[in-house]
Structures are given as structure tokens and as C-alpha cells.
Amino acid sequence: MRRDKGERGEVRRMSARGSSAARKAAVTLRSSRLTTCRVAEDGADVRLEFIDQSGKAVAVVLPLDQAEAVVMTLPRLLSRAVRQRTGNDEARYVFHLGEWVIEGAKEHSCLIATLKTQNGFEVSFAMPLEACRSFGWTLQHEASDAMDARKIAEQAPATDRTKFN
């Protein structure tokens, strides 16, 4: 909470979110098409350009820390939207893995795991070494169990199918 002097010199309390008047004055833009994503030359800002529903070109410029907050929030929002659309509380938005890279991090006791989709989305995680061991073991055993289950399902006779003619 911070204090700010108003136009008449009175002291107003303002939260980190700003005044309630500022929140009420928010402009809603509905994108019809994302056109361009750019990074400022100095890397300080990210710019998203799109066409709104009226056909007007608009842009949103986010400082790096706010862009990070958006990136951290969007996957959770996408999963919530899928759950609401489907009515399935276990549903989630899933990105299909295109490729992955594991690399060492100099002067750190972790590895960097980068996961990439085929359409260009990528995210990197700093994984502590003990988490790497646990993650690797879990992946190996879960994949093995899933492959065994798939083989059993493929070999099972299709007794529940009804044949016509």
C-alpha cells in the first residue's frame, strides 16, 4: 500500500494494483488475429501486435518481468478454459512435445531441460540434479508401464465389437 497526493493535495491510499478508478477504466481489446511478436533491441520489452475485431491494428508492450508473468499464467488459464468448456475437472491444455534438449548449467548444480513444440513454443527449466534422477526414473518406469499396457490392449481380441453383415 502506498500513499499518493491527489489533485487537491489530499492523501490517497493506493494499492500496488492502482486506484479503483484506474481499474474501472480498463479498455478491453478482443484480438481477431495475432500478427507479430517482437522483442525490443535492448531486450527490455516484448511487443505483441494483433488485429482487433474492428480490423484496427493494436499492440501491447510488456516489460520483461510482466511478459514473464503472462507466460507463467497463460498455461494455467488455458487449462482452466478447457476444464470449463468440457466440464471435466481433470482436463488440461496439453502441448505436444516436438523435441527436447538437456544441457549442463555452468557453475550451478542443475541441468537445463528445454522442451519444444513443433510450432515454436519452448520453455526451459533449471532442474536440480536430484530432481533429474527422480524425473528420469519416473519417466522410464511410467513409459515402460504405458508401453506394456498398450501392447496388451493391442493383443486383446475385439470381443465387444458387433459385426453387421
| request: Sticking with the crude label model, points 7 Å out along Cα→Cβ, report the distance from SER134 to CYS37 in nm, one decimal please. | output: 3.1
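With a ≥ b ≥ c the root eigenvalues of the C-alpha gyration tensor of segment 46-165, is it rounded (a/c under 1.5), prolate (a/b larger than b/c) or oblate? Could the numbers behind the result be given before it?
On the way: a/c = 2.80, a/b = 1.27, b/c = 2.20.
Taking the square roots of the gyration eigenvalues as a ≥ b ≥ c, segment 46-165 is oblate.
For ALA57 and LEU77, what does the FRET efficiency come to when R0 = 22 Å and r is the distance between their Cβ atoms, rounded to the nearest 0.05? It would help to have the intermediate numbers written out before the result.
Details: r = 25 Å, r/R0 = 1.12.
Taking R0 as 22 Å, the efficiency between ALA57 and LEU77 is 0.35.
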| message | Taking only Cα atoms of segment 29-94, what ratio of Rg to Rh do you get with Rh as the Kirkwood inverse-distance radius? | response | 1.08
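Just want to confirm a number: the relative contact order over segment 29-94, from Cα pairs under 8 angstrom separated by 6+ residues, in percent.
Contact order relative to length: 21 percent.
Values quoted throughout were computed directly from the atomic coordinates according to the rules given, and no laboratory measurement underlies them. Because the structure is a prediction, the values reported are computed rather than measured. Because the Cβ atoms are built from the backbone with ideal geometry, glycine has one as well, and the counts that use them run over all protein chains shown.
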